[in-house]
Amino acid sequence: MARGRFISLEGGEGVGKSTQLDALAEALGGRGLTVILTREPGGSPGAEAIRKLLLEGDETRWNPRAEALLFAAARSDHIAKTIEPALRRGEWVLTDRFLDSSLAYQGEAGGLGIEAVRDLHRFGSQDYLPDRTLVLQLDESEAGARARNRDGHPGDRIGSRPPSYHAAVDAGFRTMATREPARVKLIDASGPAATVTARLLYAVGDLLP
């Protein structure tokens, strides 16, 4: 049986990841592929337990290094228990966030440094990477409006951080796209949802059987 493919969707707050994850899964399923949807932090029982620790509580609950370590621990369990078994079964795995979120959020915006966070991933997960990472990009004002309309509240302890933090997150994603252009693709998230889904499909077209 052919090994499946592993695709991560990334982006800042309010860019439409959840909507597009479902739409891309449906489109791939329509091509005869078996698709598994998952998320980070989370995606396995152990990682879901860590998710609560990461996203609940006040801003001072964890220092940046502790936060990065928790994400790395959750990701290691996620890969071992959910992602890798599905790929071996020939299934496609679509995840809402993966390593590049840690690089952008904790590494770039959190000030730890992209390489320091990547080193945690090398240790915890042997530098396990998606076949393709799709980063949804949207004008900051539109993304903010979408997030407010979606949530109606400030969000979790990471999503509610100030605009300067989220601008640094966006810069981090762009850095990864520059460093690894074959894996990380920036996707315009503006316009109708169906148009954005078509852009995502085009970006993984070379991976389709």
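Every number in this text was worked out from the coordinates using simple rules, so none of it is lab data. In this text, all values refer to a predicted model and were calculated from it rather than measured experimentally. Note that we place each Cβ from the backbone using ideal geometry, even for glycine, and neighbour counts take in every protein chain shown.
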- request: Quickly work out the Ala49-to-Arg65 label distance, labels modelled 7 Å from Cα along the C-beta direction, and quote it in nm with one decimal.
  value: 2.5
statement: Placing one equal point scatterer on each C-alpha of the stretch 6-207 and summing with Debye, one gets log10 I(q)/I(0) at q = 0.07, 0.18, 0.19 Å⁻¹ equal to -0.18, -1.40, -1.57
task: Give the long-range amide H neighbours of Val184: residues separated by 5 or more places, or on another chain, with amide H under 5 Å away, using H modelled in the peptide plane at 1.01 Å from N.
output: Thr133
query: Using DSSP loop states and a limit of at most 16 other Cβ atoms within 10 Å to flag GluC sites (Glu not before Pro), what is the longest stretch of the chain containing no flagged site?
result: 60-209
query: For the modelled label position 7 Å from the Cα of Asp119 along Cα-to-Cβ, which residues of the stretch 90-109 have backbone nitrogen atoms closer than 20 Å?
result: 99-109
field: Of the trypsin sites (Lys or Arg not before Pro) in the stretch 1-84, those whose Cβ has at most 14 other Cβ within 10 Å and which sit in DSSP loop
entry: Arg3, Arg31, Arg61
statement: Relative contact order as a percentage, the chain, C-alpha pairs under 8 Å and 6+ apart, gives 32
Backbone HN-Hα couplings from phi across the stretch 93-100 [Karplus 6.51/-1.76/1.60, Hz, Gly and Pro as x]: 10, 10, 10, 7, 5, 7, 3, 4
- request: Could you name the lysines whose alpha carbon sits less than 18 Å from that of Lys17, not counting residues in the same chain fewer than 8 places away?
  value: Lys185
Set of aspartates and glutamates near Lys52 by C-alpha distance (under 14 Å), chain-local residues within fewer than 8 positions excluded: Glu40, Glu67, Asp156
message: I need Asp127, Asp22 ordered by Cβ neighbour count within 10 Å, fewest first.
response: Asp127, Asp22
